[in-house]
């Protein structure tokens, strides 16, 4: 594929932009029907897929709600993640121009007209920089089509302003995702935005064929192509131990260096006798138990020392109860990750099981899985074909 050199001139500071100057870069806007439906996963994987076709791929998340401080700017976490993985070679502030902090909406509503003009100008300038000399740019939205309407930057309005074509991501099923896609379709089309397809994400593997068949039929009636169904991948929803510690307000006692990245695939509450627990001591297992259940702690230590265990993910000691000092000394001689939490075992277990796990820059084990899911299950040619008329 041949790429064309695009010319970019930074607008004069006195000029207020109402639309990007860039008219040539092909824009793909990733929206979703709900939170945590897979926008970021789709953006990561689609970015990777496009990079296999051309090195000229950009990224921007115009409006971000979860951000961190980077180089003096409030930068959305997803922009940081994608830049960390792909080294996008775009100034990070251009990839995340608008951060929605806790007083943002109130401040905006105090003077909507003036504030809106400034936000549009800032977004368009950032877009022009992020899209400079790119053949494609991925634009990640913040939720469904209407999110951001309170400050006049809904996903539908942003997609229209940036002249982007939309892909809608919905969670696995048939009835509910189709209904939600229909609602989003109405909002995007009212704004004059073209939808180039839908992706059904997190489908149970044994239902892929059925969901794909009937979603395709339903979407065809709405004149929306089904771009593919992505199977649910358990590993993408499994937290690592560092994330669990943060979620439960825990404190590390042992094994942080070796165990912070340990992936949790099973949680066991140490309410049974230690004898019954031994058979569950396996890789990926997190044991949650009060600190005074020394029989359970001894079983974990003994299991590691005689090599019966496949390195459990860790132990969380609850109610802020520390084991006997001699037992703490024994734990310090092991590589078992141990964390202390203030709440009781059932509250801690409930928090762990209900965690929403987002991909982090350190999740190197997840990135190949994400790329593979898109490569195998999404019709990339159909996405590219949607831009044929603009070539």
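The values are calculated or read from the model by the stated rules, or taken from the named source; none is laboratory data. Just so it is clear, the structure is predicted and the values come from calculations on it, not from any experiment. Cβ: placed from backbone, ideal geometry, glycine included. Neighbour counts: every protein chain shown.
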Please go through the stretch 195-235 and pick out each residue that is under 25 Å from residue 352 (Cα atoms), assigned to a helix (DSSP H, G or I) and touching a strand residue (DSSP E or B) at 6+ places or on another chain (Cβ under 9 Å). 205, 235
Kindly indicate whether residue 192 is on the phi > 0 side of the Ramachandran plot, in contact with a strand residue (DSSP E or B) (Cβ under 9 Å, 6 or more places away or on another chain) and assigned by TED's automatic domain parsing to the domain that holds residue 58. no
Would you check if there is a residue in the stretch 91-112 being surrounded by 22 or more Cβ atoms within 10 Å (Cβ to Cβ) and part of a helix (DSSP H, G or I)? no
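Yes/no matrix, rows are residues, columns are (1) touching a residue at least 60 places away in the same chain (Cβ under 8 Å); (2) assigned by TED's automatic domain parsing to the domain that holds residue 79; (3) part of a helix (DSSP H, G or I):
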| residue | (1), (2), (3) |
| --- | --- |
| 125 | yes, yes, yes |
| 166 | yes, yes, no |
| 169 | yes, yes, no |
| 182 | no, yes, yes |
| 187 | no, yes, yes |
Residues of the stretch 25-77 being assigned to a loop (DSSP other than H, G, I, E, B), under 23 Å from residue 153 (Cα atoms) and more than 16 Å from the chain's Cα centre (by Cα), in sequence order, are 25
Residue identified as crowded, with 19+ Cβ neighbours inside 10 Å, within 28 Å of residue 351 (Cα to Cα) and at pLDDT 95 or above among 200, 195, 137: 200
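To keep it simple, each residue is scored yes or no on (1) farther than 28 Å from residue 360 by Cα; (2) touching a residue at least 60 places away in the same chain (Cβ under 8 Å).
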residue	(1), (2)
86	no, no
106	yes, no
113	yes, no
131	no, yes
134	no, yes
141	no, yes
146	no, no
153	no, yes
158	no, yes
Being within 29 Å of the chain's Cα centre (by Cα) and surrounded by 22 or more Cβ atoms within 10 Å (Cβ to Cβ) narrows it down to one of 288, 297, so name that one. 288
Report yes if residue 67 is within 24 Å of residue 146 (Cα to Cα) and either at pLDDT 90 or above or surrounded by 22 or more Cβ atoms within 10 Å (Cβ to Cβ) (or both), otherwise no. no
Output the residues belonging to the stretch 368-391 that are surrounded by 18 or more Cβ atoms within 10 Å (Cβ to Cβ) and closer than 17 Å to residue 232 by Cα. 370, 371, 373, 374, 377, 378
